[in-house]
Amino acid sequence: MSRKIITLPNSHLREKSHKIGIVTDDVRRLIEDMKEATLKWEAGRDHEVGVALAAVQVDELVRIIVVRNDCNDKKNLEFTSFINPVIVKRQGELVEDFEGCLSVPDIYGKVSRYGKVKVRATDENGQQFRISADGFLARIFQHEIDHLQGVLFIDRIKENSDAFFQLTAEGKLEQLNYEEDVRNNSILW
Ligand code: ZN
């Protein structure tokens with residue numbers, strides 16, 4: 001089934017997702033749909049990579065995320081899925097870097113995230129596993145697990161007038177005018 005990625009101002013993006021009880025075929029099918037939707041989104045863009053997706057972004061309010069196995073290689077189309085993912089440890093310093101979201105089109109922000117995290121999740125066979133991540137991957141986990149709580153990256157930088165950027169047609173990031181384009185933008189809030 002081909003699924004559409006929802007974007008702001010869809011209010012479902014700010015709702016909490018529910019825990020998955022048993023990993024059924026429907027769950028596994030949803031995971032495949034999420035991977036397909038991410039790759040389809042990416043295929044239409046020259047300057048962006050679809051690195052991860054939360055189920056809420058295909059309008060299913062359940063606690064599932066999929067993350068690309070190699071975020072630096074667009075040709076690697078493999079993903080790993082994380083059911084009921086939880087950050088069990090946050091470590092290292094807060095690092096500020098650019099972040100975007102498939103549900104917040106063309107806007108990028110400078111967001112502070114922990115440098116290292118440990119995540120516990122369930123796999124597609126119902127088995128629990130843990131993974132340690134640092135750098136960009138740690139950022140991805142924090143961004144995606146925020147989605148399950150109904151939190152978007154822009155919500156974390158809402159008051160930070162220097163943190164908002166826009167992707168130009170040439171693939172460059174340009175700072176947005178906070179008052180005009182961000183603070184008073186009814187699509188975002
Ligand atoms: Zn996102």
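Starting from the Cα of residue 7, move 7 Å in the Cα-to-Cβ direction to define the label point; list residues of region 163-189 whose amide nitrogen is under 14 Å from there. Under cut-off, by backbone N: 166-169, 187-188. Ordering 81, 2 by the number of other Cβ atoms within 10 Å of each residue's own Cβ, fewest first, gives 2, 81.
Legend: translational diffusion of region 11-188 by Stokes-Einstein, Rh = Kirkwood radius over C-alpha pairs, 10 °C, 1.306 mPa s; D = 94 µm²/s.
Selection among 31, 121, 13 by position relative to the dipole of region 11-188 gives 121 as farthest towards the positive end (Cβ unit charges, Cα centre). Which one, 131, 188, 108, is farthest towards the positive end of the dipole of the chain when Lys and Arg carry +1 and Asp and Glu -1 on their Cβ? About the Cα centre, the residue reaching furthest to the positive side is 131. Counting Lys and Arg as +1 and Asp and Glu as -1 over every other residue whose Cβ lies under 11 Å from the Cβ of residue 174, the net charge comes to -2. For the chain, averaging the sequence separation of C-alpha pairs within contact (under 8 Å, six or more residues apart) and dividing by the residue count gives a relative contact order of 22 percent.
With N the number of residues in region 77-161, Rg(Cα) / (2.2 N^0.38 Å) evaluates to 1.13.
Considering only 98, 151, 176, the residue lying farthest towards the positive end of the dipole of the chain is 151, judged by Cα position with unit charges set on Cβ. Residues of region 99-114 with the amide nitrogen closer than 19 Å to a label point 7 Å from the Cα of residue 177, along Cα-to-Cβ, please. Those under the cut-off are 107-108. The phi-based Karplus calculation (6.51 cos²θ - 1.76 cosθ + 1.60; θ = phi - 60°) puts the 3J(HN,Hα) values of region 30-38 at 4, 4, 4, 5, 5, 4, 4, 5, 5 Hz, whole numbers, x for Gly and Pro.
Between region 130-175 and region 1-51, the C-alpha centres lie 17 angstrom from each other.
Database remark: amide H of residue 157 closer than 5 angstrom to no amide H (H placed geometrically; neighbours at sequence offset of 5 or more, or on other chains; Pro and chain starts carry no H). Charged neighbours of residue 80, selected by a Cβ distance under 12 Å, balance to -3 (K, R count +1; D, E count -1). Computed from backbone phi with θ = phi - 60° and the Karplus coefficients 6.51, -1.76 and 1.60, the 3J(HN,Hα) list for region 83-98 is 9, 6, x, 9, 7, 9, 8, 10, 9, x, 7, 6, 10, 9, 7, 6 Hz; x is used for glycine and proline. Helical runs assigned H by DSSP (4 residues or longer) give the chain a calculated mean residue ellipticity at 222 nm of -6000 deg cm²/dmol, each run adding -39500 (n - 2.57) before division by the residue total.
Rule-based calculations on the coordinates, nothing more; no lab input. Since the model is a prediction, treat every value here as computed from it, not as a measurement. For neighbour counting, all protein chains shown are included, and Cβ atoms are generated from backbone atoms with ideal geometry for every residue, glycine included.
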